[in-house]
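Each reported figure results from applying straightforward, stated rules to the coordinates on display, with no laboratory input. Given the structure is predicted, the values throughout are model-derived calculations rather than measurements. For neighbour counting, all protein chains shown are included, and Cβ atoms are generated from backbone atoms with ideal geometry for every residue, glycine included.
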Amino acid sequence: MRVTDHSRWSHRFVSESGDETDQDPRLGPLPSDWEFVPDEWTPNDPEYCVRYRNTKSGQTINYDPRMTAEALRKHTAIQEIILA
């Protein structure tokens, strides 16, 4: 897999077979209770902003739920996360 930059704010992951995606395949699928929220950008948002909605609670977040400290601990060998 390689990452290719097509512009300042976009990225693509390319598999060995040549398939391209904007989703990092190392993260796996979104948890079943989360969904992408398309086209809710406002002028107050950064140029590149992706939102996710929890279908059970209705909570909307602007970061990938697969990238929380809890999720990373569950799916990787990371034992400690230190934020400076």
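Observations
- Under a 5 Å amide H cut-off, with hydrogens placed 1.01 Å from N, residue 34 pairs with 55 among residues at least 5 apart or on other chains.
- For residue 56, neighbours were defined as the other residues whose beta-carbon sits under 12 Å from its Cβ, and their charges (Lys and Arg +1, Asp and Glu -1) total -1.
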